[in-house]
Amino acid sequence: MTRGKRTQAPELEVRLLREGIVESKHRVQAAVCDNRGRVLSVAGNSETATFVRSSLKPFQALAVTATGTLERYELTDRDLAIMCSSHQGTIEQSRQVFNVLWRCDIDPSKLQCPIPEGKKSSLQYNCSGKHAGMLAVCQQLHWPLETYLRRKHPVQQLILGKVADLLAMPAEEFISARDDCGAPTYLLQLGQMASLYAKLASGDNVDMERIVRAMTHHPIMVAGEGKFDTELMRLTQGELVSKSGAEGVQCIGRVGEGMGLAIKVTDGAKRAKYAVAIHLLKQLGWITATIAETLSETYMTLSEFKRLEVVGEVSML
């Protein structure tokens, strides 16, 4: 990531108002980058590091698009979208994950993600699509299925290599940890996350372009009815690609423009990241006032008595 003269600016603050009176506050940092890795604007510090969590999924899916796995097993854009998803475990979504495994002749018992509490199958786990994609690559390249989550497994090394290439960093410099689903996730700077999404949305790479098309054409697969990623991509009709991550991470790319936005809520609050995303997307001119109002009604007006407001903006560097 290219460093400018400054990497810091005042943080954003999200306030929970109860009948207009402040009850709670969240601190939030954000960065906007272009596809050359330049930090264009920031709130907080663009060099703040945090785990990318599920916002990594479109880049984990590069292992599928880059190895001919889609073509080998005649997988569709809906299949690719579910591989990038944090889904809700609906019948439609779980069946899509099953379809990936069935086409690749992989038994669902090979999934090593957990079974959600109160559910019957790991197919219903929100990361099962990502796991199915990893298994599909292993099947295609004759790699072991039983150990696909290990950091040194070829599929995980392939994914790490793709991310390292995009960020122009040696793979051995990445710090990894296990995500809740068991797969490796990586500690990245906010600016690096924003840069990844700028590259994803730039249209300069055929594999990433296909991932963006899959996600924006099938947003219901990526999250679910009423979920932020799904609704944002529906409303913007292919202009934005969006993927949420746990612990207050949200990443968005502006399709065709080569610009990316990354958000991190310090205390990990989900409600705050959506409020900031709406606030910043409107400030940046990436969504219209009408779309901002529609999203605000769902994600910022919490009840008749409670609402969220965002104070601050990203500052140009």
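The values are calculated or read from the model by the stated rules, or taken from the named source; none is laboratory data. Only a predicted model underlies this, so the values are computations on that prediction, with no experimental measurement involved. Cβ sites come from the backbone with ideal geometry, for glycine too, and all protein chains shown count toward neighbours. For accessibility, only protein heavy atoms count, side chains too; no ligands or nucleic acids. Shrake-Rupley method; radii C 1.70, N 1.55, O 1.52, S 1.80 Å.
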### Summary
Taking the dipole of the stretch 1-109 about the Cα centre (Lys, Arg +1; Asp, Glu -1; charges at Cβ), the one of 86, 51, 98 that reaches farthest to the positive side is 51
### Task
May I ask you to evaluate 6.51 cos²θ - 1.76 cosθ + 1.60, the Karplus curve with θ = phi - 60°, for each residue of the stretch 254-267 and list the ³J(HN,Hα) values in order in whole Hz, giving x for glycine and proline?
8, 5, x, 10, x, 10, x, 10, 10, 10, 9, 8, 4, 8
### Task
Determine which lysines satisfy two conditions relative to residue 282: a Cα distance under 16 Å, and not lying fewer than 8 residues away in the same chain.
273
### Query
Using modelled backbone amide H atoms (1.01 Å from N, in-plane), which distant-in-sequence or interchain residues come within less than 5 Å of residue 38's amide H?
2
### Query
What aspartates and glutamates could a cross-link reach from residue 243, if we take a straight Cα to Cα line under 12 Å and drop same-chain neighbours fewer than 8 places away?
229, 231
### Task
For each pair in 57/110; 162/264; 119/199; 130/270, compute the distance between the two Cα atoms and list the pairs where it is over 31 Å.
119/199
### Query
How would you rank 71-78, 271-278, highest first, on the average number of other Cβ atoms within 10 Å across their residues?
271-278, 71-78
### Message
Could you derive backbone 3J(HN,Hα) for the stretch 268-274 from the dihedral phi with the Karplus parameters 6.51, -1.76 and 1.60 (θ = phi - 60°), listing whole Hz in sequence and x where the residue is Gly or Pro?
### Response
x, 5, 5, 4, 6, 5, 5
### Task
Rank-order 8-21, 199-212 by packing density, defined as the average count of other C-beta atoms within 10 Å over each peptide's residues, highest first.
199-212, 8-21
### Message
Taking a ≥ b ≥ c as the square roots of the Cα gyration tensor eigenvalues, with a/c under 1.5 meaning rounded and otherwise prolate when a/b beats b/c, else oblate, which class fits the chain?
### Response
prolate
### Task
With the full set of protein chains in place, find how many percent of the accessible area of the stretch 1-113 is carbon and sulfur; take the probe as 1.4 Å.
45 percent
### the stretch 205-212 - phi-based ³J(HN,Hα) in whole Hz, Karplus 6.51/-1.76/1.60, Gly and Pro as x
10, 5, 5, 5, 4, 5, 4, 4
### Query
So what is the accessible area of the stretch 148-286 per residue, in Å², with the probe set to 1.4 Å?
36 Å²
